[in-house]
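Visitor: There's a structure below that I have some questions on.
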Amino acid sequence: MERPSLSSLRNIGIISHIDAGKTTVSERILFYTGETHKMGEVHNGQAVMDWMPQEQERGITITATSTSCRWGGYWINLIDTPGHIDFTIEVERSMRVLDGAIVIFSAVEGVEPQSESVWRQADRYRVPRICFINKMDRIGTDYPAVLDQIEQRLRGRPVLLHLPVGHEGSFSGIIDLLDEEMVLFSEADQGMTVERRAAPDDRLDEMREAREKIIEAAADFDDTILSDFLDGKPVESRRLKNALRIGTMACRIFPVMLGSALRNKGVQPLLDAVGSFLPSPVDIPPVEAENPGSGGIESLNCDPKGPLCALAFKVLSDEGRKLTYLRIYSGTLRSGATVLNGFRGSAEKVARLFRMHAHKRERIEEAYAGDIIAATGLKDVLTGDTLSSPGHALLLKGLTIPEPVVSQAVEPKGIEDREKLPLALEKLQWEDPTFRVKEDEETGQTILTGMGELHLEIIADRLARDFGVEVKTGRPQVVYRETISRTVERREVFRREVDGKVQGGEVLLRMAPLRRGEGIIVTMPPEEASPLPAELRAMLENSLMQSCSAGGLTGYPLTDVGVTVVEVPFEPGLTTEIGLRAAAQRCLVLAVRDASPILLEPIMSLELITPSDYTGKVLGSLQQKRGRVEGISVRGDMEVIRASVPLAEMFGFMTELRSATKGRGTFTMEFAHFDLAPADTLKKLGYV
Ligand SMILES: Nc1nc2c(ncn2[C@@H]2O[C@H](COP(=O)(O)OP(=O)(O)OP(=O)(O)O)[C@@H](O)[C@H]2O)c(=O)[nH]1
Ligand SMILES: [Mg+2]
């Protein structure tokens, strides 16, 4: 197969709030680039990118799907992500490996809660973005309001590149302000034919004004633009594009386009903009990888001849076998090659390599730095692992994994289900780092933990459909956290003879409460002041971390606690790994008991939309749920309530809200922080 030049490659993602139209845009991209010959629609369950049956039935995206296509001279690897917050890990992993993104907004709803979340995720990884205001065909569109919201709520500087032609139902195309042309999309062939013609005279003034704003933004990145403009000289579109590209790649401006994906309008200009404004793999800064051998940091350019360095960002269990998605940052990967998994320290063999087209695979023999591909044969690799050459170990930073906050007990229905359940759960965990499984020690039940009710519902559905395992599910429960309310110090000495050998260990720990959100911080004594050998030191630190996540009083993980190892005496021949670990674990559990432990519950931030007639009723029910209203605003004939509410009160709320608002109210919520649980919960779980 022909190989793309690195500068023509674009690795991009599509991100937005749920339902803004990501998959609809992706389907158009596949159609116009010739990857598909029929346009799939989300609402008919026929979108190629929504290939899972659960996605097709529900009309929502659940898993990030990648595909490859070509447009103009560009090769595009495209990842369509889900908008629902329960599947936020899919956005996280995509942002970790992509070089640029298209952010979609609805022209009616504008910036919504998950628009903010995905924007923040992209900020965190410094991913340059272009924006697409979609659904310009709908009644109630207000794109200038969306521009204001991008500025105020997302703190981004939008640069509008289009004006609409027609309004709402009569929206028929755009005016391209850079090239000063009107662009229309044929109704006869699903928008395949794009007609560019001179803009009508009655819009010239409006165009001039809007173009001046582009010139103003571009001038920040090219000094000659402003001086030419002030001298009355023409500023060509090519120069503006170059300057906007610089600003976009620096995440200082965000070009904005208009369209209606469902009505097949505006997608080709969006594809052009991917090439014009978003970076290629050689435009991004070199990646930094740790060399565990030397302990140093290596800076890697996107070079096929460099040392191999690839990040596994997604693992799929496909008919029982692992399919691993890789972003190659440096070097070349060949099918059949032996690679080192730097994190696990094991060597593995790549069986085959593929370029992915949604769920279909195209076999390739080699893949190069800059590309995104998938591999089979890697048995131990999990999300976040780095692959490198066996002689040259490298480690990339993994991804930030959000904390799952909802759990549910599951019980296999029959004997066969019981036998098959553990393996099925293990495979589902390969795919999803936000899905956890544990055994309840008291009841022997299997407890699943995930991001929300929908997440766990999809897992149960997949257990039945993908793995043939039927389960009964319990009620969803909140995953609490435990913390302490005062500082304590405790010494613990362990000494026991096992098989004729004495296992000993001693520690003095100080445990202190930290501020909310600080997590667990383990502080070891300065190396020069402690005679403890390096392996024991690392083991002790690790073991304390693990004990914290195993929990204190009731088994909920500890958080916001500082653990300081004040003293750890070392007696050669007596202090052993087993002894020290036993002393540390026991010391930690007993110290927590002395430190007045308390329980924290997850608090969610909620955005709720209701017809104004029902606002009073909805506010009443939020109050009953210990909700704290933070603001109410008007959007057309609806009101938008922002509030914070404890998750424990919110199970089944969608049904309640629907019936209270005759089906018209909706809400979205995401985890905000942990806060003190109410007295009755503390009492019920034995804290007071
Ligand atoms: N009127 C109108 N509807 C649209 C447009 N684009 C998408 N839709 C509809 O909006 C709904 C959601 O579209 P999707 O493409 O599934 O949205 P998404 O962003 O992929 O949603 P998730 O993946 O679930 O987050 C579907 O019913 C689409 O048909 C548009 O331009 N105009
Ligand atoms: Mg989708």
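Each value in this text was obtained by applying a stated rule to the coordinates, not by laboratory testing. Owing to the predicted nature of the structure, the values given are computational and were not obtained by experimental measurement. Cβ: placed from backbone, ideal geometry, glycine included. Neighbour counts: every protein chain shown.
Visitor: Count neighbours as other Cβ atoms within 10 Å of each site's Cβ, and list the GluC sites (Glu not before Pro) in the stretch 167-210 that are DSSP loop with at most 16 such neighbours.
Guide: Loop-located and lightly packed - E180, E187.
Visitor: Shifting gears a bit: Select from V568, P200, G83 the residue farthest towards the positive end of the dipole of the chain; place +1 on Cβ of Lys and Arg, -1 on Cβ of Asp and Glu, and compute about the Cα centre.
Guide: V568
Visitor: So which trypsin sites (Lys or Arg not before Pro) in the stretch 514-567 end up in coil per DSSP with only 12 or fewer other C-beta atoms within 10 Å?
Guide: Those satisfying the criteria are R515.
Visitor: To continue, here is another question. Give me the dipole magnitude in Debye, nearest 20, for the stretch 39-186 about the Cα centre, with unit charges on the beta carbon: positive for Lys and Arg, negative for Asp and Glu. Could the numbers behind the result be given before it?
Guide: Working: 13 positive and 22 negative charges, 113 e Å.
The dipole magnitude comes to about 540 debye.
Visitor: Please report the spacing between the Cα centers of the stretch 452-500 and the stretch 220-245 in Å, no decimals.
Guide: 58
Visitor: Right, here's the next one. Only Lys, Arg, Asp and Glu count, each charged at its Cβ (+1, +1, -1, -1), so figure out the dipole size of the stretch 287-416 about its Cα centre, rounded to 20 debye.
Guide: Working: 16 positive and 16 negative charges, 80 e Å.
That gives a dipole near 380 debye.
Visitor: Follow-up question, since we're still on this one. Calculated from DSSP H runs of 4 or more alone, at -39500 (n - 2.57) each and per residue, what is the 222 nm mean residue ellipticity of the chain, nearest 500?
Guide: The per-residue figure over the chain is -8500 deg cm²/dmol.
Visitor: Could you derive backbone 3J(HN,Hα) for the stretch 334-344 from the dihedral phi with the Karplus parameters 6.51, -1.76 and 1.60 (θ = phi - 60°), listing whole Hz in sequence and x where the residue is Gly or Pro?
Guide: Listing the rounded values in order: 10, 5, x, 6, 8, 10, 9, 8, x, 6, 8 Hz.
Visitor: Go through K625/K662; K213/K241; K322/K349 and tell me which ones have a Cα-Cα distance over 18 Å in this structure.
Guide: K625/K662
Visitor: Are there any GluC sites (Glu not before Pro) in the stretch 345-397 that are in a DSSP loop and have at most 13 other Cβ atoms within 10 Å? List them by number.
Guide: E365
Visitor: Further question on the same structure: First check a/c for the stretch 420-517, with a ≥ b ≥ c the square roots of the eigenvalues of its C-alpha gyration tensor; if it is under 1.5, answer rounded, and if not, answer prolate when a/b is larger than b/c or oblate otherwise.
Guide: Judged from the Cα gyration tensor, the stretch 420-517 comes out oblate (a/c at least 1.5, b/c at or above a/b).
Visitor: Using a basic spin-label model with each label point 7 Å from the Cα along Cα→Cβ, how many nm lie between C251 and F229?
Guide: 2.5
Visitor: Suppose every K and R has +1 on its Cβ and every D and E has -1 on its Cβ; what is the size of the dipole of the chain about the Cα centre, in Debye to the nearest 20?
Guide: So the magnitude is around 880 debye.
Visitor: Moving on. Which of rounded, prolate, oblate describes the stretch 265-355, given a ≥ b ≥ c as roots of the alpha-carbon gyration tensor eigenvalues and a/c under 1.5 marking rounded, otherwise prolate only if a/b is larger than b/c?
Guide: Cα axes put the stretch 265-355 in the oblate bin.
Visitor: Go through L606, Q585, G665 and say which Cα lies farthest out towards the positive end of the charge dipole of the stretch 572-688; charges sit on Cβ, +1 for Lys and Arg, -1 for Asp and Glu.
Guide: Q585
Visitor: Starting from the Cα of K472, draw a straight line to each of the lysines and keep only those under 22 Å, dropping any in the same chain fewer than 8 residues away.
Guide: Counting by Cα, and skipping residues close in sequence, K472 has these lysines nearby: K413, K420, K427, K438.
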